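First the structure, in the form of structure tokens, and then the observations on it.
No lab work stands behind these numbers, since they all come straight from the coordinates. Quick caveat, the model's predicted, so the values are computed rather than measured. Heads up, the Cβs are rebuilt from the backbone with ideal geometry, glycines too, and the neighbour counts pull from every protein chain shown.
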Amino acid sequence: MQTLPLERAHPAPVLVRGLAVLRTREAGVVLFILVLGLVLHAWTGRFLTPTNLANVLLNSAPTAVVALGMTLVILTGGIDVSVGSTLGVTAVLLGYAAAAGWHLGPLVAVGVLSGLLLGMVNGALVARAGVMPIIATLATLSLYRALGFQLLRGKWIADIPPVLRPVGLGTVGGVPVAALLALALTLLFAYVTARRPLGRHIYAVGGNAEAARLAGIDVARVAFVVYGVTGMLVGVAALLYVGQTGFVQSNTGVGFELQVIAAVVLGGTSILGGRGSVVGSVLGAVLVGQIKNGLILMNVSGLAEGMVAGVLILLAVAVDLLRTRRGAP
Amino acid sequence: MAARLLRAVAADRPRFLLALLLASYALFALTVDGFATLYNTLNMTRYGVEIGLLALGETLVIISGGGSIDLSVGSMLSLAGVVMGLLVKHLGVDVWLAAGAAVLSGAVMGALNALCITALRIPALIVTLGTLYIYGSAALVLTDTVPISGLPERFYVLGQGEVLGIPLQVVLVFLPVAVLLHALLRHTVFGRHLYGVGTNEVAARFAAIPVERVRFWVFTLSGLLAGVAAVVITSRVASARPDAGFGYELQAITIAVLGGTHIAGGEGTVLGTVLGVTVITVLSNGLQLAGIHPIWQLGAVGAVLVGTVVLNQWLARRGMAVGVQGG
């Protein structure tokens, strides 16, 4: 597949490019995170401590990891609402395997492969059977939830050995391992979406699927890949989740899909496909984690969390829409 | 002969759902004791009313096209029920008056969704994802998660009473609403505008159809129906639960799509959605009587949904079905 040479044809001067970066959506989210951080610290005096910042990163990591895949799915014009149920099934399998005394290596394989398999079912439904993404993943949301429940038989797994704890809760120089893992994956995904043919194909399919098909892109294959990759990332998130909580119950991951979609949308990815970035989504996940953390620090009832998150989602999108309509990039 | 029969059934969704309904009813009648009794057959319809009302609202919304979808129906149901409970318990409002206020509050919530979508032009998926959180969280905060019970006994007749063995909420609420909505879609200018907007928005604008106004009303109606569903469920379970509608949004969308509503808009009927909710009600009741855990009722809904759509696709590819769609 020939890649388009447009980007490297006339590189703009470094300074101009540097200024352009400041006008992107990602920079807007970073600014928002910084301002909110200062406000929270001024208010509570406890936000900008190393322990608390590590906590925010730790709690954001599973959402951020899955948001990478969700971004690819949404960029192609699709959606995957089954990630919460997939997380549930994968966490149950990990819980059983860890309780049976398996080591870290095989556990990683279990998480990643079972996630991949469940994601590939979504991919097959969307890409091969031609079912609309929202319908296919709504169906698997229900099916996977039932499957996870059946595997647990209504009980929970509490006696999980701490084999996954280094992954979930460990730190390197004060920085959580989970956050470093999320960062590494983010760099990989940013590289693939910006510089590899697959990345261009994903944007092309979301921009105009028919034009992409006529340009020789295998649209079905691209769709299959993004759902499979998302499932695999859910497997990684399940490793982090089980490592963090050491506990699996039948409602593990309920509502997780909405949190991930919220992160992607906050990060500036258009729900209509074709526009957005994985970096924005990861920043969105950090913002979601920061809001949750801030509410706890401010002693706001956890019940009001949804109200704040909902209002922020609407505000962020409304501001972005107003900005783009005025012709800004 | 068999091929012709298959073609006739697969050709349109209502006929297919009717066949599915008869097949699943027959299957449960043969295998599950106490399923096919007159009492059970009539009584099970009670449990389809609330989700059916939400699915009808969802049907209208999805028909209007342009990515229209309402993820907030479950949260609107929860909050409307809480509004009603609080009015009765803390302000001493008459229970039927409070029920009216609950319906109205649903319509107001729907109208707020509609304003964000039509005036601010935020995509419906994002607006209703946001209000799913906001309304649901408001219901929890207002009640501190404690269900409001102890409403006047006379109110429970709506959700627990029956006439000639048929549950009252089916006779007094669901069937009249379904007939009214059917008439609205089939015999009014609004209905024709709705299908027009959903089929081709640009063409609809050229034809001077008020696209924004049509979308405004379908989202408001969806909220109003969630308010009605809130009154029914509060009466049936004898308390206003702040999490009453949790997870209903995805079921409502599933049923609307199962009923033949095209997720991209322009296609869908009240009859299809009513059949869809009937199939789901029969499945849930049969599985429940067979002693299978409720979570599998949800799983069965997912299986039926994907099975129906994939079968339709397969038949379409073989040229056996006409006018079928990708979901």
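Observations, loosely collected:
- Efficiency of FRET from Cβ geometry, B:Arg186 and A:Arg275, R₀ 22 Å, rounded to 0.05: 0.05
- Inter-centroid distance (Cα atoms) of segment A:184-259 relative to segment B:285-302, Å: 32
- Inter-part distance where segment A:282-317 and segment A:130-178 are each reduced to a Cα centre, Å: 22
- Test item: Cα-centred dipole of segment B:48-277, Lys/Arg +1 and Asp/Glu -1 on Cβ, debye: 400
- Estimated FRET transfer efficiency when R0 is 25 angstrom, pair A:Ala184-A:Ala100 (beta carbons, to 0.05): 0.30
- For chain A, the membrane-span-like helices by this rule, meaning whole DSSP H stretches whose C-alpha atoms cover at least 20 Å of axis and whose Kyte-Doolittle mean is -0.5 or above, are A:25-44, A:50-75, A:83-99, A:104-123, A:133-152, A:177-195, A:219-245, A:278-297, A:305-325; this says nothing about an actual membrane.
- The protein assembly as shown - charge dipole about Cα centre, Lys and Arg +1 at Cβ, Asp and Glu -1, debye rounded to 20: 1360
- Chain A, helix-only ellipticity at 222 nm - DSSP H runs n ≥ 4, -39,500 (n - 2.57), divided by all residues, nearest 500: -23500 deg cm²/dmol
- Note on the protein assembly as shown: Rg/Rh from C-alpha atoms, Kirkwood Rh, equals 0.96.
- Cα centre as origin, Lys/Arg/Asp/Glu Cβ charges: chain A dipole, Debye: 480
- Shielding of A:124-135 by partner chains, average beta-carbon count, 10 Å: 5
- Peptide B:302-312 has a mean of 6 when you count, residue by residue, the C-beta atoms of other protein chains within 10 Å of its C-beta.
- Calculated P(r) of segment A:181-329 - Cα pairs past 20 Å, %: 58
- The listed peptides A:79-86, A:33-40, B:235-242, ordered by packing as a protection proxy, come out as A:79-86, B:235-242, A:33-40 (highest mean of other Cβ atoms within 10 Å first).
- The C-alpha radius of gyration of chain A, expressed as a fraction of 2.2 N^0.38 Å, stands at 1.00.
- Mean-position separation - Cα centroids, segment B:74-110 and segment B:148-178, in angstrom: 17
- Within chain B, the selection of entire DSSP H helices by a Cα span of 30 Å or greater along the long axis and an average Kyte-Doolittle value of at least 1.0 returns B:95-118, B:211-237, B:294-317.
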